[in-house]
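Asker: Below is the structure I would like to discuss, written out as structure tokens.
The values are calculated or read from the model by the stated rules, or taken from the named source; none is laboratory data. Only a predicted model underlies this, so the values are computations on that prediction, with no experimental measurement involved. Because the Cβ atoms are built from the backbone with ideal geometry, glycine has one as well, and the counts that use them run over all protein chains shown.
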Amino acid sequence: MYELAKKALEMAEKAGAEEAEIYYVSNHSTSVNFKKDALESAKDRFSEGIGVRAIVNGAVGFASTNSAKDLENTIEIAVAEARVRENDPDWVALPSNGKYPEVVGIFDKRIEAMKLEECIGYAMELVEGTKEVPGTLPTSGAFTRGKSRQLILNTNGVEIEDESTAVSGFVDVITVNGETSTAYDFDVSRSLDIDFRAIGTHASELALSSGNGIKIEAQKTNVVFHPFAFSDILEAAFAPSLDADNVQKGRSGLIGKLGEELAAPELSIYDDGLVEAGIETSASDDEGVPSQRTPVLEKGVLKSYLYDSYTAGKEGVKSTGNGSRGSYTSPPAVGLRNFIIDYPQTDLIADTDSGVFVNTVIGAHTANSISGDFSVEARNAFTIRDGALDKPIKSLMISGNAFDLLKNITGAGFDVRKVGGFISPSIRVSDMSVIG
Amino acid sequence: MQELIMEEIMQDIKFYDCRVIEGSSTSVILDNGKIEEISRNFTRGAGIRALCGGSWGYTAVEGELDLEGGVRDAAKLAFAMNKNTPKEEVELAVVDPPVIRNLPGIKIDPRDVSIEEKVELLKNIESRARVEGVHSTKVMFSESEFKIMYRSSEGVECEYELLNTGFAVSAVATENGVYQAGRESRFGYGYEIFENIDVFGLAEKAGMTAVELLGAKTPKGGTMPVLLDQELAGVFAHEAVGHASEADLVLEGDSVLANRIGEQIASPLITIIDDPTLHEFGYYPFDAEGVESSRTEIIKSGVLNSYLHSRETAGKLGEETGTPGNSRAQGYSMPVVRMSNTFIDNGDSKFEEMLESVRDGMYLIGSRGGQVNTGEGIFQFNAEKGYLIRNGELAELVRDVSLSGKTLEILNHVTQVGNDLKMTAGRCGKGGQLAPVSDGSPHLAISLALVGGA
């Protein structure tokens with residue numbers, strides 16, 4: 001299909017498209033999965049496909065296929081769909097050939113060349129890591145390696161190809177004695193630099209130390225969010241309001257707030273497609289716009305929304321390189337790149353007299369993405385007393401508002417972590433409502 | 001030489017099967033009354049499993065399919081896994097080949113309806129959702145047709161075709177910087193759902209919900225008696241009970257229901273059923289390993305009666321814990337144990353009686369999703385809205401309310417089950433795969449639950 005992709009532009013023009021874009025992607029992944037402490041299955045997945053955008057009279061049609069013999073039909077359907085639609089006055093054009101930045105650290109030959117036996121070895125390391133902590137058992141987990149190749153071509157001269165690799169490991173563990181407690185850990189990287197054994201050990205330690213939790217009173221207090229918890233909440237309750245599409249359609253809590261001081265004055269947030277070895281790093285976004293670093297919040301002040309090519313054209317600004325696709329089966333839409341939380345770092349727990357520390361949360365996706373209101377159940381939470389973690393907390397609900405939360409940030413740790421594309425240290429927020 | 005090695009490997013492969021899926025889907029998105037997207041996707045691919053000793057090998061391929069090559073690749077993976085980390089053999093529960101019966105009939109094939117007509121319908125739906133106070137809307141239409149063909153080394157060969165049609169509408173209202181949303185969606189098996197369902201009424205309801213939530217307050221949280229509507233109680237049945245009854249989680253030690261078959265775990269008023277034969281959104285005639293679908297009583301009058309099984313989990317846990325038929329997969333992914341149409345069965349209480357018995361507490365309505373920890377048996381769900389109940393009567397509308405607690409405690413705190421079962425379609429995520437499901441319940445009165453609020 002890769003070879004065919006290069007011919008597809010011509011086919012689209014012949015079918016009557018005034019502008020056309022061919023998005024080709026292939027993925028090859030291998031994973032080794034375990035249930036309890038036994039390796040259960042090995043999976044090898046190969047997928048590839050082509051998504052076609054055809055533009056006729058300022059209207060866009062989209063169709064996709066994973067079958068080479070259907071490609072011509074797919075292109076014709078994309079053109080026919082465009083013809084059905086009325087002219088879209090907000091449509092400007094597909095991206096034009098840009099100058100692409102150099103990105104580093106997103107391809108590791110060792111991952112591409114990895115044999116099944118090595119994959120099995122890393123999965124075993126995850127399992128063995130959990131065994132270093134007596135009293136716990138893994139419930140499930142997996143090692144995965146993947147390689148993908150992406151090609152974007154359009155009639156405005158864009159031709160950009162990217163290849164990348166990734167490895168990841170995750171493990172869920174449960175305690176075996178007394179009151180049940182669970183925990184998980186995971187990591188993902190562009191290169192083979194993950195300590196898989198440590199992931200297992202850490203998850204087990206966390207499950208064990210979370211047992212026999214105490215009840216705490218409902219109160220307003222300092223909450224220190226681990227990067228896992230913080231990224232979950234911000235992605236669900238804050239990030240959607242930065243999406244220019246939501247802003248333009250009245251579905252954002254940040255409408256008309258550019259230039260306003262919205263957050264703690266020491267907080268900056270960047271969306272950055274260029275971070276070395278970032279999970280969301282590549283030379284271009286998913287429609288061929290060169291990647292860039294976009295200040296979103298600087299010293300607490302809202303600097304920019306995030307745009308793909310369409311929403312940028314509608315507003316007469318430049319795309320921020322946030323055209324993103326989940327797969328070849330969908331047209332691009334605004335999505336986050338690497339999302340970096342920047343706040344002056346300290347020895348955060350030691351700096352906190354009292355409060356709670358929260359490792360992960362469940363239910364963040366139920367947040368109100370416009371108002372920013374959220375209500376989550378904290379998992380693996382601990383009380384903080386006199387600058388140290390004290391006791392595990394049995395059950396804890398935290399509710400609040402993402403915009404208020406950004407105003408009330410009062411500290412960040414040294415423990416910066418890449419949670420997928422979300423790059424953040426642990427963050428302390430004052431005056432949060434918790435219910436025990 | 002290669003062939004000899006392959007022959008040797010295939011001797012150790014006890015079982016293999018493959019699922020070929022081909023089909024297409026169409027979606028139309030209308031955003032603020034304007035067509036935002038019309039897209040069509042064609043797909044063809046296969047998922048192939050091979051079993052060697054206690055290890056599975058799995059390959060997924062797309063496009064032009066070489067099934068024999070796929071079986072060989074899966075066999076090699078299974079063989080290598082078994083050689084490197086041998087373990088207890090997997091015994092698959094024995095099943096009969098499926099009989100395909102009672103497929104949902106379709107009166108109007110959505111493919112026979114022009115795209116212009118669909119867009120027109122969406123525009124009409126949109127205008128109904130735009131009640132006074134609504135300032136933004138989104139309407140989505142989707143249809144998909146899929147043919148699923150299954151073959152196994154045991155000689156089973158079967159196939160079926162399904163056509164899904166559905167729509168979703170959401171409306172957002174705003175006032176003084178406050179935003180609230182209302183959402184409704186329905187799915188079915190032919191374009192006639194747009195005749196059989198009051199889609200315009202639903203659109204208006206989505207709009208009204210968004211507007212009325214603007215004026216709602218967030219109540220103080222705490223422990224109190226609650227009344228759950230059918231949708232939220234259905235989410236509880238699915239998320240908190242259904243997932244914990246999935247035998248793969250039971251085997252992993254990640255279920256609070258492990259080793260409890262035959263025990264009274266819930267109020268005797270509670271019966272929970274999973275039934276893939278119902279023509280709801282979770283329907284299938286046979287599952288992802290060629291097993292004919294059948295109804296399972298998970299909880300029968302409060303007693304844990306059955307887990308949900310694949311052939312592997314049924315083989316491991318034995319017949320007395322249930323039968324296979326709940327193995328499902330998204331596309332060409334490796335099948336996992338999943339629910340289908342899961343619901344709490346009707347009781348005999350009337351809504352007014354339940355309101356009266358709750359007396360002072362909260363009525364929680366609808367769901368904005370939720371999550372559970374099946375191992376610890378705890379859950380958290382956010383309701384779409386609620387009403388305070390005072391002196392047995394509905395009082396103020398409230399928003400941003402959630403329900404959380406321990407699954408088994410809630411099941412035992414049920415004091416009344418309504419007689420008004422209603423199902424809601426949705427998609428359930430597990431192991432990174434989405435599957436169409438439905439869940440439902442009648443109204444439920446619960447004597448004590450933790451409600452989250454301000």
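Asker: Filtering the stretch A:79-99 down to residues that are more than 8 Å from chain B (Cβ to nearest Cβ) and not in a loop (DSSP other than H, G, I, E, B), which residue is surrounded by the most Cβ atoms within 10 Å (Cβ to Cβ)?
Answerer: The extreme case among them is A:82.
Asker: Pick from B:165, B:174, B:137: which is in contact with a Phe, Trp or Tyr (Cβ under 6 Å, 6 or more places away or on another chain), β-branched (Val, Ile, Thr) and not assigned by TED's automatic domain parsing to the domain that holds residue B:273?
Answerer: On inspection, the qualifying residue turns out to be B:165.
Asker: Name the pairs whose Cβ atoms lie under 6 Å apart, with the first residue in the stretch B:360-381 and under 15 Å from residue B:250 (Cα atoms) and within 8 Å of chain A (Cβ to nearest Cβ), the second buried (at least 24 other Cβ atoms within 10 Å of the Cβ) and of a type in the set (Gly, Ala, Ser), and 6 or more positions between them or separate chains?
Answerer: B:372/B:240
Asker: Only residues that are acidic (Asp, Glu) and either within 30 Å of residue A:196 (Cα to Cα) or outside the structural domain of residue A:132 (by TED's automatic domain parsing) (or both): list them for the stretch A:144-186, please.
Answerer: A:162, A:163, A:172, A:179, A:185
Asker: Same structure again: Checking residue A:109 against (1) modelled with pLDDT under 95; (2) surrounded by fewer than 14 Cβ atoms within 10 Å (Cβ to Cβ), only one condition comes out false. Which one?
Answerer: Residue A:109 satisfies every listed condition except (1).
Asker: Considering the stretch A:294-311 alone, what residues qualify as being in contact with a helix residue (DSSP H, G or I) (Cβ under 7 Å, 6 or more places away or on another chain) and within 13 Å of residue A:262 (Cβ to Cβ)?
Answerer: Within the stretch A:294-311, A:296, A:305 qualify.
Asker: Of the residues B:357, B:349, B:301, B:333, only one is assigned by TED's automatic domain parsing to the domain that holds residue B:236, surrounded by fewer than 23 Cβ atoms within 10 Å (Cβ to Cβ) and at positive phi; which?
Answerer: B:301
Asker: For the stretch B:10-29, state whether one or more residues are more than 32 Å from the chain's Cα centre (by Cα), among the hydrophobic types (A, V, I, L, M, F, W, C) and outside the structural domain of residue B:189 (by TED's automatic domain parsing).
Answerer: yes
Asker: Being assigned to a loop (DSSP other than H, G, I, E, B) and either in contact (Cβ under 8 Å) with a residue 24 or more places away in the chain or closer than 22 Å to residue A:37 by Cβ (or both) narrows it down to one residue among B:51, B:77, B:92; which is it?
Answerer: Of the residues listed, the single one that is assigned to a loop (DSSP other than H, G, I, E, B) and either in contact (Cβ under 8 Å) with a residue 24 or more places away in the chain or closer than 22 Å to residue A:37 by Cβ (or both) is B:92.
Asker: Something else about it: Hey, could you check the stretch B:423-449 for residues that are surrounded by fewer than 17 Cβ atoms within 10 Å (Cβ to Cβ) and under 10 Å from the mean Cα position of the chain (by Cα) and say which is modelled with the highest pLDDT?
Answerer: In this case the residue turns out to be B:434.
Asker: Could you look through the stretch A:365-408, keep only residues that are touching a Lys or Arg at 6+ places or on another chain (Cβ under 7 Å) and either away from chain B (no Cβ under 14 Å) or part of a strand (DSSP E or B) (or both), and pick out the one that is surrounded by the most Cβ atoms within 10 Å (Cβ to Cβ)?
Answerer: The extreme case among them is A:382.
Asker: Follow-up. Going through the stretch A:226-249 one residue at a time, which ones are closer than 15 Å to residue A:372 by Cβ, more than 13 Å from the chain's Cα centre (by Cα) and of a type outside the set (S, T, N, Q)?
Answerer: Those that are closer than 15 Å to residue A:372 by Cβ, more than 13 Å from the chain's Cα centre (by Cα) and of a type outside the set (S, T, N, Q): A:237, A:238, A:242, A:243, A:247.
Asker: State yes or no: is residue B:310 surrounded by 24 or more Cβ atoms within 10 Å (Cβ to Cβ), among the small types (Gly, Ala, Ser), under 18 Å from the mean Cα position of the chain (by Cα) and under 27 Å from residue B:65 (Cα atoms)?
Answerer: Details: surrounded by 24 or more Cβ atoms within 10 Å (Cβ to Cβ): yes; among the small types (Gly, Ala, Ser): yes; under 18 Å from the mean Cα position of the chain (by Cα): yes; under 27 Å from residue B:65 (Cα atoms): yes.
Yes; evaluated as a whole, the condition is true for this residue.
Asker: Could you run through the stretch A:171-183 and say how many residues are farther than 30 Å from residue B:222 by Cβ, crowded, with 19+ Cβ neighbours inside 10 Å and either in contact with a His (Cβ under 8 Å, 6 or more places away or on another chain) or touching a residue at least 40 places away in the same chain (Cβ under 8 Å) (or both)?
Answerer: So the answer is 2.
Asker: Return the only residue of A:41, A:29 being within 30 Å of residue B:254 (Cα to Cα), more than 9 Å from chain B (Cβ to nearest Cβ) and outside any helix (DSSP H, G or I).
Answerer: Residue meeting the stated conditions: A:29.
Asker: Still on this model: Can you find even one residue in the stretch A:63-80 that is within 30 Å of residue B:313 (Cα to Cα) and either small (Gly, Ala, Ser) or assigned by TED's automatic domain parsing to the domain that holds residue A:162 (or both)?
Answerer: Checking the stretch A:63-80: not a single residue is within 30 Å of residue B:313 (Cα to Cα) and either small (Gly, Ala, Ser) or assigned by TED's automatic domain parsing to the domain that holds residue A:162 (or both).
Asker: Can we say residue B:34 is surrounded by 14 or more Cβ atoms within 10 Å (Cβ to Cβ) and over 31 Å from the mean Cα position of the chain (by Cα)?
Answerer: No; evaluated as a whole, the condition is false for this residue.
Asker: For residue B:121, all conditions in the list (1) surrounded by 15 or more Cβ atoms within 10 Å (Cβ to Cβ); (2) not in a helix (DSSP H, G or I) hold save one; what is the number of the exception?
Answerer: For residue B:121, the exception is condition (2).
Asker: Could you check, for the stretch A:142-159, whether at least one of its residues is in a strand (DSSP E or B) and within 12 Å of another protein chain (Cβ to nearest Cβ)?
Answerer: Here is the first cut: in the stretch A:142-159, the residues in a strand (DSSP E or B) are A:142-154, A:159.
From the residues that got through so far, the ones that are within 12 Å of another protein chain (Cβ to nearest Cβ) too are A:142, A:144.
Scanning the stretch A:142-159 turns up at least one residue that is in a strand (DSSP E or B) and within 12 Å of another protein chain (Cβ to nearest Cβ).
Asker: Let me ask another. Which condition number does residue B:415 fail, the rest of (1) part of a strand (DSSP E or B); (2) closer than 23 Å to residue A:394 by Cβ being met?
Answerer: Every condition holds for residue B:415 apart from (2).
Asker: Looking at the stretch A:342-351, is at least one residue crowded, with 24+ Cβ neighbours inside 10 Å and outside any helix (DSSP H, G or I)?
Answerer: We begin by selecting, within the stretch A:342-351, every residue crowded, with 24+ Cβ neighbours inside 10 Å; these are none.
No; the residues of the stretch A:342-351 include none that is crowded, with 24+ Cβ neighbours inside 10 Å and outside any helix (DSSP H, G or I).
Asker: While we're here: Given B:242, B:234, B:188, B:221, which one is within 14 Å of chain A (Cβ to nearest Cβ) and either surrounded by 21 or more Cβ atoms within 10 Å (Cβ to Cβ) or over 16 Å from residue B:298 (Cβ atoms) (or both)?
Answerer: Matching residue, one of B:242, B:234, B:188, B:221: B:221.
Asker: Further, regarding this structure: In the stretch B:156-191, which residue that is in contact (Cβ under 8 Å) with a residue 40 or more places away in the chain and not in a strand (DSSP E or B) is nearest to residue B:440 (Cα to Cα)?
Answerer: B:189
Asker: Take the residues of the stretch A:1-26 that are within 11 Å of chain B (Cβ to nearest Cβ) and of a type in the set (A, V, I, L, M): which is nearest to residue A:163 (Cα to Cα)?
Answerer: A:1
Asker: Another question about this same structure. Would you pick out the residues in the stretch A:112-138 that are assigned to a loop (DSSP other than H, G, I, E, B), within 14 Å of chain B (Cβ to nearest Cβ) and surrounded by 15 or more Cβ atoms within 10 Å (Cβ to Cβ)?
Answerer: The one that is assigned to a loop (DSSP other than H, G, I, E, B), within 14 Å of chain B (Cβ to nearest Cβ) and surrounded by 15 or more Cβ atoms within 10 Å (Cβ to Cβ): A:114.
Asker: Could you please give the count of residues in the stretch B:73-118 that are within 14 Å of chain A (Cβ to nearest Cβ), surrounded by fewer than 20 Cβ atoms within 10 Å (Cβ to Cβ) and among the basic types (Lys, Arg)?
Answerer: Final tally of qualifying residues: 3.
Asker: Quick check on the stretch B:26-42. Is at least one of its residues facing chain A (nearest Cβ under 10 Å), more than 15 Å from residue A:61 (Cβ to Cβ), of a type outside the set (Gly, Ala, Ser) and in contact (Cβ under 8 Å) with a residue 24 or more places away in the chain?
Answerer: yes
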